[in-house]
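Below is one structure, written out as structure tokens, with a few remarks after it.
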Amino acid sequence: MSTKKDLFVLIPKVDDLLNDEKIKDLLEKVPRIMIVEAIRESIEEIRIKIVQLDNQQVKSFKIDYEALIEKIIRIIKQKNRMNLSKVINTTGVVLHTNLGRALLSESIKEEIWNVANSYSTLEFDVDSGKRGSRYAHVEEIITKLTGAESALVVNNNAAAVLLVLDTLAKNREVIVSRGQLVEIGGSFRVPDVMQQSGAKLVEVGTTNKTHISDYERAITEDTAALLKVHTSNYKILGFTQEVSLKDLVEIGREHNIPVIEDIGSGTFIDFSKFGLYKEPTVQESVAMKADIVTFSGDKLLGGPQAGIIIGKKEYIEKMKKNPYTRAFRVDKLTLAALEATLRLYLDEESALEKIPTLRMLTISLEEIEKKANALYALLKENIKHCTIEKIKGFSQVGGGSMPLEKIPTMLISIKPENLSINKFEQMLRDYNPPIIARISEERILMDVRTIKENEFEIIVAGIDKLLKK
Ligand SMILES: *Cc1c(COP(=O)(O)O)cnc(C)c1O
């Protein structure tokens, strides 16, 4: 008859486990420290289990050596995986902030890697052999594409707005419509950013209506700028009125006050051509002569995370000298990805084809149906014990863009026979690579819009494996 003490003695020792053939094999690929950690964790788990046994259970308790080894290997594999790693997004939310927002184009891999893995012209002017500007690389293409006089790039649009306000309006007043004091996901709140910059917020109008006269009445000696914020992620309907950028620019001209516009999602493409909501384009804001326009690199633009500031040269030059510019400095990988993405826009067709965000948003329903049919057929052929259906649904743009837009799409619905839907969803998330799906009415729904074709096989193999467990 064994006691708990006997059981503790039977737990394999760390050194013995390190000498197990299967574990030894892993030593070639995985740092030893990680393996030892996995062994210790697994052993500790057994120890705790033994402590919790009652007298009856002690008699029958056995340590399953093979199961222990398998468990250790599983933990090692988990530990050896990058924490930041790829997932399969089947949610149909194209700009999914939690899943990394915009995807970069496959076609610009080399441009990014070349700069990452070699010395580069980052701050070097090859012609003169002298120090160059890190911002010059993208400035030319941004001004070419937008028609703006000058441009500057920082880490994100939040930083861009802060830099603009700090440079142009520190300790002075900035007039904003009450309807535009928005919070954008990830704790970007217009009043807070204003406060941080040291600009004094002067609210005008009401939540639903702001008139030209509201701005005019609020202008004083101390007014440094008029700010227009695109309310990207919400809409007020009904009895509403906003002052257009055109009118705001006119007021600014009259009083010699710069007009700043934060358009959030900076798109170069007019999405209404594709039956989508009309987001203001960057070119339109420039054409309406806003003095400064700021937007994100990784929303509808489909590039890397960045904040792009365009506008009058005299203002941009001032910003370049602001110490915040150094603090918000973009790194070379971002610049490489941004320049390469922007170059694709020189040919709109090519941009629509090659930039994943644009492609996913403008793909025809016919092509979506083809994708859905392909995934459906693969699942039907390979997965048993599941109800699999193809149904109509809607995708979302995400990233706080076009909040009301529901883009018709096709969903694959999967309902396992012998497994709770919550458990199944969790298993999909735990899979490598994680498959992120949503549950609706006791089934898993997968929107093919955000799934790449080469991920179909992974999904099918994954589900097959998970359901066989
Ligand atoms: C998204 C957004 C921001 C913040 O941009 P980030 O690039 O995420 O920092 C600021 N203003 C508006 C209007 C936005 O839509």
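The values are calculated or read from the model by the stated rules, or taken from the named source; none is laboratory data. These numbers come from a predicted model, not from an experiment. Quick reminder, even Gly has a Cβ in these numbers, built from the backbone with ideal geometry, and neighbours come from all protein chains shown. Accessible surface areas use protein heavy atoms only, side chains included; no ligands, DNA or RNA. Shrake-Rupley method; radii C 1.70, N 1.55, O 1.52, S 1.80 Å.
Kindly provide the chymotrypsin sites (Phe, Trp or Tyr not before Pro) of region 185-291 that DSSP labels as loop, not H, G, I, E or B, and whose Cβ sees at most 12 other Cβ atoms within 10 Å. Please report the intermediate quantities before stating the final value.
On the way: sites: Phe188, Tyr215, Tyr234, Phe239, Phe268, Phe271, Phe274, Tyr277; in loops: Tyr234, Phe239, Phe268, Tyr277.
Qualifying residues, ordered by number: Tyr234, Phe239.
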Computed over region 4-80: relative contact order in percent, which uses C-alpha pairs under 8 Å that are six or more apart: 46 percent
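When the dipole is taken about the Cα centre of region 240-287, and only Lys, Arg (+1) and Asp, Glu (-1) are charged at their Cβ, what size is it in debye, to the nearest 20? Present the calculation step by step, with values, prior to reporting the outcome.
Values: 4 positive and 9 negative charges, 33 e Å.
I would put it at about 160 debye.
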List the lysines whose Cα sits under 16 Å from the Cα of Lys77, skipping any in the same chain fewer than 8 residues away. Lys22, Lys24, Lys29, Lys86
Where the centroid of each part is defined by its Cα atoms, how far is region 374-399 from region 226-298 in Å? 38 Å
Once the Cα atoms of helix 456-468 and of the chain are each reduced to a long axis, what angle between those two axes, in degrees from 0 to 90 to the nearest 10, is obtained? 40 degrees
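Compute the accessible area per residue over the chain, keeping the other protein chains in place, probe 1.4 Å, unit Å². All intermediate terms of the calculation are to be shown ahead of the outcome.
Numbers: 24340 Å² over 469 residues.
Accessible area per residue, the chain: 52 Å².
For Ile388, what charge total do you get from the other residues with a beta carbon under 9 Å from its beta carbon, if Lys and Arg give +1 and Asp and Glu give -1? All intermediate terms of the calculation are to be shown ahead of the outcome.
On the way: positive: Lys380, Lys390, Lys415; negative: Glu389.
Net charge in that neighbourhood comes out at +2.
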Please sort 163-170, 146-153 by packing, taking for each peptide the average over its residues of neighbouring beta carbons within 10 angstrom, highest first. 163-170, 146-153
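What number comes out for the charge environment of Gly132, summing +1 per Lys or Arg and -1 per Asp or Glu over other residues with Cβ under 15 Å away?
Values: positive: Lys130, Arg131, Arg134, Lys320, Arg329, Lys332; negative: Glu123, Asp125, Asp127, Glu139, Glu140, Glu339.
Around Gly132, the surrounding residues sum to 0.
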Dipole-positive endmost among Ala351, Ala158, Asn418 within the chain (Cβ charges, Cα centre): Asn418
Using alpha-carbon coordinates alone, the radius of gyration and Dmax of region 4-80 in Å work out to 13.3, 43
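Just add up the charged neighbours of Ile112: K/R +1, D/E -1, any other residue whose Cβ is under 13 Å from the Cβ of Ile112.
Working: positive: Lys109, Lys332, Arg343; negative: Glu106, Glu110, Glu111, Asp331, Glu339.
Overall, the nearby charge balance is -2.
Given Cα positions, please report Rg to Rh for the chain, the hydrodynamic radius being the Kirkwood one. Spell out each step's value before the answer.
Working: Rg = 28.2 Å, Rh = 26.0 Å.
Result: Rg/Rh = 1.08.
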Along the positive direction of the dipole of the chain (beta-carbon charges: Lys, Arg +1; Asp, Glu -1; about the Cα centre), which of Ile33, Ser133, Pro433 reaches farthest? Ile33
For the chain, size of Cβ-based charge dipole, Lys and Arg +1, Asp and Glu -1, in debye: 1280 debye
Give a quick list of GluC sites (Glu not before Pro) in region 4-47 that DSSP marks as loop, anything other than H, G, I, E or B, with at most 16 other Cβ atoms within 10 Å. Glu28
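Quick check for me: using +1 on Lys/Arg Cβ and -1 on Asp/Glu Cβ, what's the dipole size of region 4-80 about its Cα centre, in debye to the nearest 20? Please report the intermediate quantities before stating the final value.
Numbers: 16 positive and 15 negative charges, 37 e Å.
In total the dipole reaches around 180 debye.
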Considering only DSSP states other than H, G, I, E and B, which GluC sites (Glu not before Pro) in region 70-136 qualify as loop sites with at most 14 other Cβ atoms within 10 Å? Glu123
To the nearest 10 degrees, how steeply does helix 32-52 sit against the main Cα axis of the chain, on a 0 to 90 scale? 60 degrees
Of the options Pro258, Ala327, Gly275, report the single residue whose Cα projects farthest towards the positive end of the charge dipole of region 106-354 (beta-carbon charges: Lys, Arg +1; Asp, Glu -1). Ala327
Translational D in µm²/s for region 106-354 (Stokes-Einstein at 25 °C, 0.890 mPa s, Kirkwood Rh from C-alpha pairs): 131 µm²/s
Can you pull the accessible area of Lys24 for me, 1.4 Å probe, Å² to the nearest 10? 80 Å²
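Based on the alpha-carbon set only, what is the convex hull volume of region 140-179 divided per residue, in Å³?
Numbers: hull volume 4.8 nm³, N = 40.
Considering the Cα atoms of region 140-179, their hull volume per residue is 120 Å³.
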